[in-house]
Amino acid sequence: MIIRKYISINKQKYYSEPFSIMPIRDEDKFKIMKWRNEQIYHLRQSKEITKSQQIKYFNEIINPQFNTKHPNQLLFSFFKNGIFKGYGGLVHIDWYSKNAEISFLMNTEEEKLYFEIYWTNFIFMIEELAFKNLNFKKLYVYSFNLRANLYKVLSDNNFFEEARLKAHHFHNDNFIDVLIHSKIKSYD
């Protein structure tokens, strides 16, 4: 296993036992592709990804992020007891305004049992990166109004519904709302 490092951050690994994250591994790309294709209904992805597209995406989009001072995304592989269970990170990063969107996708087969615990621990670790190490001011989650279980997790982790974009996304022959939940760093 090759451990890659982002030059834009000092700390590469984060822990919330028994969970951890580290910079996204190339070896996880096909599991990620599988999960994205299985969960396409709630992603900003219009069609299934092929292996060649996934390879190209990693080579042309993800890999260059490691050597960029201000990348537009910082993606991590997510583990439970050292076993790969998901991936996510900070995307649509605005380095000037110190904010970013949180993205997280977990193993489809484990969603029913572990959705809340995986999301909660991922949020804990990604907040450490964003608020403590990068000194960001705000994090947000952009989501289609399809996942009530996500909104509960966000609320439980002190995110608030900042915006609701009415009839913003066309899904299954209907227009649905898009929700933006945010958390602003407190300076207590």
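In order along the stretch 95-106, phi translates into HN-Hα couplings of 5, 5, 8, 6, 9, 7, 8, 8, 10, 8, 9, 10 Hz, rounded to whole numbers, per the Karplus curve 6.51 cos²θ - 1.76 cosθ + 1.60 with θ = phi - 60° and x for Gly and Pro. Entry note: the stretch 98-137 has Rg to Rh equal to 1.08, where both radii use alpha-carbon atoms and Rh is the Kirkwood radius. For residue 161, the solvent-accessible surface with a 1.4 Å probe is about 90 Å², rounded to the nearest 10.
Sorting 75, 113 on solvent-accessible area from highest to lowest, probe radius 1.4 Å, gives 113, 75. Rounded to two decimals, the Cα-based Rg/Rh of the chain, with Kirkwood Rh, is 0.94. Here the stretch 75-178 was treated as a single set of alpha-carbon atoms; its pair distances binned every 10 Å from 0 give 13, 43, 35, 8, 0 percent. Of all the options 61, 32, 21, the one that moves most in a Gaussian network model of the chain with Cα springs shorter than 10 angstrom is 61. Residue 142 contributes an accessible area of around 60 Å² to the protein surface, as traced by a 1.4 Å probe with all chains present.
Using the 1.4 Å probe convention, the accessible area of the chain works out to 54 Å² per residue with neighbouring protein chains retained.
Every Cα-Cα pair of the stretch 21-127 was included, and the share exceeding 23 Å stands at 26 percent. For the chain, the fraction of 1.4 Å probe accessible surface lying on carbon and sulfur atoms is 51 percent.
The values are calculated or read from the model by the stated rules, or taken from the named source; none is laboratory data. As the structure is a computational prediction, the values presented were derived from the model and not from experiment. Heavy atoms of the whole protein, side chains included, go into the accessibility calculation; ligands, DNA and RNA do not. Shrake-Rupley method; radii C 1.70, N 1.55, O 1.52, S 1.80 Å.
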